[in-house]
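Heads up: the structure comes next, in structure tokens.
What follows is calculated from the coordinates using simple rules that are stated; it is not laboratory data. Since this is a predicted model, take the numbers as computed values, not measurements. Here Cβ is always computed from backbone atoms with ideal geometry, including for glycine, and neighbour counts include all displayed protein chains.
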Amino acid sequence: MKLQEADAKSLLVAQGLPVPVWEVANTAPEARAAAERFLADGADKVVIKAQVLIGGRGKAGGVKLAASGAEAEAVAGQILGMDIKGMTVHKVLVGPAADIVKEFYLAAVLDRAERGILLMGSAEGGVEIERVAETNPEAIVRLHAHPLLGLQDFAARELAFAMGLGAHLKAAVAIAKGLVTTMKAYDADLVEINPLAIVREAGPDGTTVERLVCLDAKITLDDSALARHAGLEDLRDPDEEAPEDKEAREAGLTFIKLDGTIGCMVNGAGLAMATMDLVKRAGGQPANFLDIGGGARADKVAAAMQLILADPKVNAILVNIFGGITRGDEVAQGLIEARAQQTRDVPMVVRIVGTNATEAAALLEEARFQTAGSLDEAAAKAVEASRAAGTVGTVA
Ligand code: GDP
Ligand code: MN
């Protein structure tokens with residue numbers, strides 16, 4: 001699950017990291033009010049940033065400065081509703097504009113191969129790190145945190161020096177260690193600060209001081225660990241998820257949309273993968289991976305059917321159920337119910353074996369479903385039906 005910048009920043013603040021203050025606004029007048037508060041507090045300008053779950057907002061015109069409340073309202077008006085790489089902006093972040101001296105990149109990422117947390121830092125901040133990795137790979141410093149002790153002081157200092165942050169050593173060390181702490185505290189896969197910036201600020205005695213702050217924040221959480229953290233699920237942005245993903249999650253189905261034409265409804269992840277393989281071998285292309293799970297009852301089957309049919313490319317359906325905990329007759333009942341409700345008539349081939357297969361067969365026969373005895377036969381029939389209905393996706 002990806003977090004919006006403002007939510008990611010809240011988590012950083014909770015871990016004690018230096019983040020400039022901000023407010024979130026849903027409308028242009030709200031942005032104006034927030035801007036006026038920051039300007040009254042002594043800011044020269046405010047920054048207005050689109051809150052969308054996509055990088056490169058700056059380049060796309062989603063990050064702008066304003067010098068007055070009226071200008072902030074106008075700028076927010078332009079940014080709200082803007083389309084950034086297919087995402088509509090519904091909220092903006094408003095904060096005092098930073099006076100940037102230099103931009104760096106610093107991130108903690110889960111390194112699955114090394115089973116640990118990898119820190120990546122660079123003095124080439126502000127730009128996309130993928131570009132730096134391509135054009136100037138030696139400009140990126142990499143270092144692993146200790147699996148038990150986290151990021152140790154000496155390692156954090158090494159990282160800071162290598163990034164050219166020697167003049168801000170103490171702050172850089174605290175931030176690097178803070179990223180690792182944040183990763184662990186929320187089971188994040190990624191905590192990225194780009195830019196980590198040296199900014200100029202007015203010190204307490206009126207003189208100018210330089211400070212290292214997290215100007216942007218991107219956090220991706222491990223979905224499977226959300227249950228361990230009260231409140232984090234509430235930060236999920238409804239726009240992040242494709243509607244079919246949301247439906248699947250709410251129905252308790254494991255669903256991954258693919259590009260083919262044959263909708264697959266299967267119980268068990270292994271069987272679902274085997275079914276996709278056999279569809280491919282028979283010359284067809286699966287439209288999805290769908291695991292209805294163990295013990296699925298009729299209503300879950302109906303929900304799965306709706307999900308499959310919502311994809312306009314689907315022109316044939318293959319149902320492959322191995323009854324164990326799942327009862328074959330429950331699935332058959334679900335299929336009958338689903339067909340009664342469905343708005344689109346798509347040929348379906350059903351194979352149900354295992355628990356209550358005989359009862360299932362009787363139900364399916366009475367309802368005149370096309371059935372198959374073996375999985376090979378089912379796959380062949382589904383591919384044939386798909387071919388007859390239209391084009392079968394090209395074989396990869
Ligand atoms: P991104 O493009 O989606 O990564 O959004 P960022 O928050 O990283 O902003 C993009 C760029 O806008 C940064 O690299 C900065 O150069 C610039 N920027 C962001 N915030 C400020 C600010 O407060 N003041 C100034 N002067 N520039 C900013
Ligand atoms: Mn950024």
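Quick notes on this structure:
- The length gained by stretching the chain between E134 and R339 to full extension, at 0.36 nm per residue less their Cα-Cα distance, is 68.6 nm.
- Across K218/K257; K102/K184; K85/K313; K246/K280; K2/K177; K9/K313, pairs whose alpha-carbon gap is larger than 32 Å: K9/K313
- The long axis of helix 357-366 is offset from the longest Cα principal axis of the chain by roughly 80 degrees.
- Inter-part distance where the range 222-263 and the range 1-30 are each reduced to a Cα centre, Å: 23 Å
- Rounded to 10°, Cα long-axis angle of helix 298-309 versus longest principal axis of the chain: 70 degrees
- Candidate cross-link partners of K45 among the aspartates and glutamates, defined by an alpha-carbon separation under 14 Å and a same-chain spacing of 8 or more, comprise E36, E71, E73, D99, E201.
- Cross-link partners of K300 among aspartates and glutamates (Cα-Cα below 13 Å; sequence separation of 8 or more within a chain): E247, E250, D291, E330, E337
- Using θ = phi - 60° and Karplus 6.51 cos²θ - 1.76 cosθ + 1.60, couplings along the range 112-117 (whole Hz; Gly, Pro as x): 5, 4, 8, 6, x, 9
- Between the amide H of L151 and those of H146, distances stay under 5 Å, these residues lying 5 or more places away or on another chain, with hydrogens modeled in the peptide plane.
- Among beta bridges identified by DSSP and lying wholly in the chain, the antiparallel ones come to about 75 percent.
- The H on the amide N of D99, modeled in the peptide plane, is under 5 Å from the matching H of R200, each at least 5 residues off or on a different chain.
- Each of the trypsin sites (Lys or Arg not before Pro) that DSSP puts in a loop and that has at most 15 other Cβ atoms within 10 Å breaks the chain; the longest unbroken stretch is 116-296.
- For the range 21-97: rounded, prolate or oblate by the Cα gyration tensor [a/c cutoff 1.5]: prolate
- Charging the Cβ of each Asp and Glu at -1 and of each Lys and Arg at +1, and nothing else, the dipole of the chain about its Cα centre rounds to 380 debye.
- Listed residues V89, V63, V132, most fluctuating in the chain (Gaussian network, C-alpha, under 10 Å): V132
- Euclidean distance between Cα centres, the range 66-104 to the range 320-373, Å: 54 Å
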